[in-house]
Amino acid sequence: MKVEHKGHTTIIKDTESNYLQFVEKLTSQYNSFKDTNLILDITHDKSVDLTSLKNFTDLTKTHKKNKKSLVIVAANIDFNKVPSKLQVVPSILEAHDLIEMDEIERDLGF
């Protein structure tokens, strides 16, 4: 797991290609990241599919309650079939854009 801080956002990259271990590590170390927006880069793990993305649902709910964004960057996913509770994009740049839009919405009170 590689962690990079960029302004008000933390980018966490899965380097082990095992999304279940990645979710467990994130959950156990969540207090370290709870005050920043999160980008979870799981593009390295080619086995990730729609079913495996659902493992991030609890973490996403918790982060949203803290008024922060959590965006997952994944490859080879049918983005039209991703559950609405999850924010999944194909690139880090799009993740940053989505977080910016979320920040604007929160500032406006939505």
Wholly within segment 1-103, strands (runs of 3 or more DSSP E) carrying at least 3 residues that are at pLDDT 95 or above: 9-13, 37-41, 70-73
Long-range neighbours under 6 Å by Cβ, at least six apart or interchain, first residue touching a residue at least 40 places away in the same chain (Cβ under 8 Å) and closer than 17 Å to Ser47 by Cβ within segment 76-95, second among the small types (Gly, Ala, Ser) and assigned to a loop (DSSP other than H, G, I, E, B): none
Residues located in segment 30-53, provided they are under 22 Å from His5 (Cα atoms) and among the aliphatic types (A, V, I, L, M): Leu38, Ile39, Leu40, Ile42
Selection within segment 57-110 - in contact with a Phe, Trp or Tyr (Cβ under 9 Å, 6 or more places away or on another chain) and hydroxyl-bearing (Ser, Thr, Tyr): Thr62
Residue within segment 12-27 that is surrounded by 12 or more Cβ atoms within 10 Å (Cβ to Cβ) and under 14 Å from Gln87 (Cβ atoms) present: no
The lone exception for His8 - which of (1) surrounded by fewer than 18 Cβ atoms within 10 Å (Cβ to Cβ); (2) under 22 Å from Thr51 (Cβ atoms) it fails: (2)
Near pairs, Cβ below 6 angstrom, 6+ apart or cross-chain, from segment 41-60 (under 14 Å from Gln21 (Cα atoms)) to any residue that is modelled with pLDDT under 90 and surrounded by 15 or more Cβ atoms within 10 Å (Cβ to Cβ): Ile42/Tyr19; Ile42/Val48; Asp45/Tyr19; Val48/Tyr19; Ser52/Tyr19
Near pairs, Cβ below 6 angstrom, 6+ apart or cross-chain, from segment 7-20 (of a type in the set (D, E, K, R)) to any residue that is part of a helix (DSSP H, G or I): Asp14/Phe22
Which numbered condition Ser84 misses (of (1) in contact with a helix residue (DSSP H, G or I) (Cβ under 7 Å, 6 or more places away or on another chain); (2) farther than 13 Å from Leu38 by Cα): (1)
Unique residue being out of contact with any Pro (no Cβ under 9 Å at 6 or more places or on another chain) and surrounded by fewer than 20 Cβ atoms within 10 Å (Cβ to Cβ) when the list is Asn31, Asn37: Asn31
Residue list for segment 67-92, filter: exposed (fewer than 14 other Cβ atoms within 10 Å of the Cβ) and either in contact with a Lys or Arg (Cβ under 6 Å, 6 or more places away or on another chain) or under 16 Å from Asp102 (Cβ atoms) (or both): Lys67, Ser84, Lys85
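The values are calculated or read from the model by the stated rules, or taken from the named source; none is laboratory data. What you are looking at is a predicted structure, and each value in this text was computed from that prediction instead of being measured. Note that we place each Cβ from the backbone using ideal geometry, even for glycine, and neighbour counts take in every protein chain shown.
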